[in-house]
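**Student:** Got a structure for you, questions after.
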Amino acid sequence: MEVPCVRAPREEGEATRQRLADADLIDDEYELTVDDGSLYIPIADPDAVPAEFEVVSRTLEERETQTTPADLLGFEPSYERLGRAALLDEDDDERAREIADAIVASDLPLETVLNKASKVKGETRVRDWELLAGANTEVVHREYGCEFLLDLAEVYFSPRLATERNRVVEQITADEHVFDMFAGVGPFVIPIAKRGAECVGVDVNPDAIDYLRENARRNGVEDRVTAICDDVRNLVAGSSRERCECDGVREVTPEYEGWADRVVMNLPHSADEFLEAAVTVAGDDCVLHYYDIQHEDDPFGPGERAIREAAEPAYDVSVETERVVRSYAPHELNVCLDVRLER
Ligand SMILES: C[S@@+](CC[C@H](N)C(=O)[O-])C[C@H]1O[C@@H](n2cnc3c(N)ncnc32)[C@H](O)[C@@H]1O
């Protein structure tokens, strides 16, 4: 069957294969092949292949079938993959253990199995996990050419938003100042900085900020990333909120007032409470990426009204994009509004 492949000179073949494997880009369903002095490596996502590699189309053999968890279980288990971890959402403990055993015994490159043990909780949106296999809850996840280290038991992270994050990242130009108000471990901040923008990421969770700093180093963008552990409302002069403890007490930072060309607000249940802070950091011409969860009958109206209330009349407000990111619950949608504020 014809599949997209990276073609590499044979002598560079292993180094190329290793780099593509590190970026999780190799399609495991097909065999690699050598022909005419070149190695052909099957690719799962040709658009994510770095420009330095040559992508061609070529007929490759399908792999001898691997033993999958379904082969061992006799049914298709449901789980998400995050790096080398499988994430289950099983209420029945016995079934969860059976699935975990099958995942580890299968040929899939998965060594950790975690089962959701609570909903996401509180301000930091972290959930509890039961560790069913593997050493701990720390994983390395790769997304659109960036690498993220994170501990699922200490920070919020969802791989489901990867496509949406990339939609935002692709809008960035190198001269921008971008302010991520709820940065987590940096899945917006890191790729945005990789595009050459100056990026500030704020999070109230000290573990998230530690991972954000580590991820900036891993991806070689620490020079363009400033990570601040705080309640983002404390960056607004006059706020009465408590600071978090991780960085000690810092001065209010008026340096970010009017600083941003773009503000990312990914705290969907309560972003409206932070619009005053967003308007404070917004520059004269600034785009807000405002995430919200609303009823399907009017998914964008409440967000637009809240933004207008916070920004007008100081700014002209225009909604540039209304986008449904995913279904969140029956009749509830996770949406994003891209909104331009012009002073
Ligand atoms: C839904 S998560 C999004 C994280 C990240 N942007 C992502 O896409 O994975 C929201 C994040 O906001 C942080 N957070 C919640 N309230 C905050 C506040 N008042 N100030 C700063 N960060 C806050 C949480 O700790 C959490 O990491």
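**Student:** Projected area of the chain, taken from the Cα convex hull and averaged over every viewing direction, in nm²? Provide the component values of the computation, followed by the final result.
**Tutor:** Values: hull surface 78.8 nm².
Average of the hull's projected areas for the chain equals 19.7 nm².
**Student:** Let me ask you something else. For the range 304-309, take each phi angle, set θ = phi - 60°, evaluate the Karplus expression 6.51 cos²θ - 1.76 cosθ + 1.60, and give the result in whole Hz per residue in order, putting x for glycine and proline.
**Tutor:** The phi angles translate into 4, 5, 5, 5, 4, 4 Hz.
**Student:** Quickly work out the residue 298-to-residue 78 label distance, labels modelled 7 Å from Cα along the C-beta direction, and quote it in nm with one decimal.
**Tutor:** 3.2
**Student:** For a quick check, take a GNM of the chain with Cα springs below 10 Å and name the residue from 303, 145, 13 with the largest mean-square fluctuation.
**Tutor:** 13
**Student:** Still on this structure: For the chain, set up a Gaussian network in which alpha carbons nearer than 10 Å are linked by springs, and say which option among 89, 180, 207 fluctuates the most.
**Tutor:** 89
**Student:** Let me ask something else. Please list 3J(HN,Hα) in residue order for the range 22-30, calculated via the Karplus relation 6.51 cos²θ - 1.76 cosθ + 1.60 where θ = phi - 60°; whole Hz, with x for glycine and proline.
**Tutor:** Working through the residues one at a time gives 4, 8, 6, 9, 7, 8, 5, 7, 10 Hz.
**Student:** Applying the Karplus parametrisation 6.51 cos²θ - 1.76 cosθ + 1.60 with θ = phi - 60° to the phi angles of the range 53-59, what ³J(HN,Hα) value in whole Hz is obtained for each residue in order, glycine and proline being reported as x?
**Tutor:** The phi angles translate into 9, 8, 9, 10, 10, 7, 7 Hz.
**Student:** So what's the Cα pair-distance distribution over the range 91-143, bin width 10 Å, in %?
**Tutor:** With 10 Å bins starting at 0, P(r) equals 22, 46, 28, 4.
**Student:** When the chain is modelled as a GNM with alpha-carbon springs shorter than 10 Å, which of 176, 111, 62 fluctuates the most?
**Tutor:** Result for the chain, Cα springs under 10 Å: 62 fluctuates most.
**Student:** Taking amide hydrogens as modeled 1.01 Å from N in the peptide plane, which residues meet the under 5 Å criterion relative to residue 82, leaving out close sequence neighbours?
**Tutor:** Long-range HN contacts for residue 82: 87.
**Student:** Less than 13 Å apart at the alpha-carbon level, and either on another chain or at least 8 residues along: which aspartates and glutamates does that give for residue 194?
**Tutor:** 143, 147, 170, 175, 176, 222, 223
**Student:** Quick check on the chain: of the DSSP beta bridges with both residues there, what percent are antiparallel, nearest 5%?
**Tutor:** Details: 52 of 73 bridges.
Once the DSSP bridges in the chain are tallied, antiparallel ones form about 70 percent.
**Student:** Still on this structure, I have one more. For the range 2-59, what is the charge dipole size about the Cα centre, in debye to the nearest 20, if Lys and Arg each add +1 at the Cβ and Asp and Glu each add -1 at the Cβ? Working shown, then result.
**Tutor:** Working: 5 positive and 16 negative charges, 32 e Å.
The dipole of the range 2-59 has a size of about 160 debye.
**Student:** I'd like the antiparallel share, as a percent to the nearest 5, of DSSP beta bridges with both residues in the range 158-342.
**Tutor:** Details: 22 of 39 bridges.
Once the DSSP bridges in the range 158-342 are tallied, antiparallel ones form about 55 percent.
**Student:** Just from its helices, what would the mean residue ellipticity at 222 nm be for the chain, if runs of 4 or more DSSP H residues each count -39500 (n - 2.57) and the sum is divided by every residue, rounded to the nearest 500 deg cm²/dmol? Show your work: numbers first, answer last.
**Tutor:** Numbers: 8 runs with 73 residues, N = 343.
About -6000 deg cm²/dmol.
**Student:** Skipping prolines and chain starts, which residues have an amide H placed within reach, meaning under 5 Å, of the one on residue 26, given they are 5 or more residues away or on another chain?
**Tutor:** Result for residue 26 returns 44.
**Student:** With a bin width of 10 angstrom, please list the P(r) values of the range 2-59 as percents of all Cα-Cα pairs, from the 0 bin to the one holding the largest distance.
**Tutor:** 27, 63, 10
**Student:** Follow-up question, since we're still on this one. Helix 93-105 against the longest principal axis of the chain: what's the angle in degrees, Cα atoms only, rounded to the nearest 10?
**Tutor:** Once rounded, one gets 60 degrees.
**Student:** Place a +1 charge on the Cβ of each Lys and Arg in the chain and a -1 charge on the Cβ of each Asp and Glu, then give the dipole magnitude about the Cα centre in debye, rounded to the nearest 20.
**Tutor:** Details: 36 positive and 79 negative charges, 109 e Å.
Roughly 520 debye, rounded to the nearest 20.
**Student:** Given Cα positions, please report Rg to Rh for the range 24-122, the hydrodynamic radius being the Kirkwood one.
**Tutor:** On the way: Rg = 17.6 Å, Rh = 16.1 Å.
Taking Rg over the Kirkwood Rh, I get 1.09.
**Student:** Follow-up. Return the long-range amide H neighbours of residue 183 (sequence gap of 5 or more, or a different chain), with a cut-off of under 5 Å between placed amide H atoms.
**Tutor:** 202, 203
None of the figures in this text is laboratory data; all of them are computed from the coordinates on show. Being a predicted model, the structure only gives us computed values, none of them experimental. Here the Cβ is made from the backbone with ideal geometry for all residues, glycine too, and neighbour counts use every protein chain on show.
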